[in-house]
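Scroll down for the structure; my scribbles are underneath it.
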Amino acid sequence: MKLQNNFSLKDYNTFRVDAKAKYFLSVTNIDDLYTIMQEKDFTESNKLFLGMGSNILFTRDFDGYVINNGLKGIKIIEQDENSAIVEAAGGESWDNFISFCLENNLYGLENLTAIPSSVGAAPVQNIGAYGVEQIDHFHSLTAFNINTGEILLFNKENCKFGYRHSFFKQPENKHLLILKVRYSLSKKFQPKIDYKDIRDFFGKQKDFDAKMLSQAIAEIRESKLPAISIYHNAGSFFKNPVISQEQLVELQKLLPEITFHNADSGKVKISAAYLIEKAGLKGYRVGDVGVSAKHSLIIVNYGNATGKEIFDFSNNIIKIVLDKYNILINPEVVII
């Protein structure tokens, strides 16, 4: 175990913000966790679990322990002629996991290709894209309680999944590190191509397989989203707002062409990207921070912006949209 002091997190967040952790540890096995728990000030200190840092914004240094999930491994743990349960360690790259599934002819998650995430972060955020969410094939996960050393099993119901939300995203549950995640996948390819972008990509072609669909998703995402390696960002910064029917009626007076999708409890979900774009903010930039010209849900660090500058910029976007359309958009990104 190598515990490092005053450690720069620039390489551990996709905004490339140069915040520092008082202590930093990359965990590669369970014993590392039990060892770190013995540090004399560990119990009283702040703690943060960090994967690839693709959905986080540091606005300040972190005065405590940052624990990077470096656990690796993917394997099939159960299968029959129709399906299989695949288990992946929390520190695995999500794309590596998708590739493993495709190589083993296991289907269901191919629409989630090219999402910059670790496997452990996927259920925390309840990731989704192009008509598929990880919850659709989620089986169970194993988590570690950093306060007690207990290893806990969570099924789908225990995880309390919601739109880009879960039990693990609640502040009172930040002491839980996801060790392993399991998904139940089919051995029969049943493509989900409801989204117009996918249908347009394939046109009249019908004889495509899961690998071709996965590659199509990757190319669509690349065409629509700025490359994180060049334009430092955390993907979608804002969640799509869920509003009441009454709010929708008022909004349609200003934006009669706005589209919506039915949500729970008689509410509707609308596009935050559309609101931001219609507010004239697509491509808007202040110094080294700006809204991507490719996709208005993405805020980009074009150079050496601080986390505080990015945070203030995002709040200004929220205010402009609220003033113009009386709709509150909320961050999807975790703010530290």
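Read-outs: derived from the displayed coordinates by stated rules, not from any lab. Every value quoted in this text rests on a predicted model; they were computed, and no experiment measured them. No Cβ is skipped: glycine too gets one built from the backbone with ideal geometry, and neighbour counts run over all protein chains shown.
Remark: relative contact order (the chain) = 17 percent; criterion is Cα-Cα distance under 8 angstrom and separation of 6 or more residues. Summary of packing: across the peptides 18-26, 159-167, the per-residue average of other C-beta atoms within 10 Å ranks them, highest first, as 18-26, 159-167.
Within the same chain, aspartates and glutamates fewer than 8 places from Lys2 are excluded, and of the rest, those with a Cα less than 12 Å from its Cα are Asp32. Using C-alpha pairs under 8 Å with a sequence gap of at least 6, the mean separation divided by the residue count of segment 4-69 gives a relative contact order of 43 percent.
With the charge dipole of the chain set up from +1 on Lys and Arg Cβ and -1 on Asp and Glu Cβ about the Cα centre, the Cα lying farthest toward the positive end among the listed residues Ile320, Phe168, Ile115 is that of Ile320.
Projecting the Cα atoms of Gly149, Val291, Gly307 onto the charge dipole of the chain, computed from C-beta unit charges around the Cα centre, puts Val291 farthest toward the positive end.
Pairs of Cα atoms nearer than 8 Å and 6+ residues apart set the relative contact order; for segment 180-317 it is 20 percent. Across segment 91-119, no residue has a backbone nitrogen under 15 Å from the label position 7 Å along the beta-carbon direction of Glu81. About its Cα centre, the chain has a charge dipole of approximately 620 debye under the convention of +1 per Lys or Arg Cβ and -1 per Asp or Glu Cβ, with nothing else charged.
Taking a straight line from the alpha carbon of Lys278, these lysines sit under 18 Å away, with near neighbours fewer than eight places off in the same chain left out: Lys224, Lys239, Lys253, Lys269, Lys294, Lys319, Lys324. Phi-derived couplings, Karplus 6.51 cos²θ - 1.76 cosθ + 1.60 at θ = phi - 60°, listed residue by residue for segment 161-176: 5, x, 5, 6, 8, 7, 3, 6, 8, 6, x, 6, 10, 6, 8, 9 Hz, with x used for Gly and Pro. In this structure the amide hydrogen of Ile298, modeled in the peptide plane, comes within under 5 Å of the amide hydrogens of Phe237, Ser292, none closer than 5 places in sequence on its chain. Here Lys196 is the anchor, and the aspartates and glutamates within straight C-alpha reach of less than 17 Å, apart from those fewer than 8 places off in the same chain, are Glu110, Glu219, Glu222.
FRET efficiency for the Asn262 to Asp288 pair, using the beta carbon distance and R₀ = 45 Å, is estimated at 0.70.
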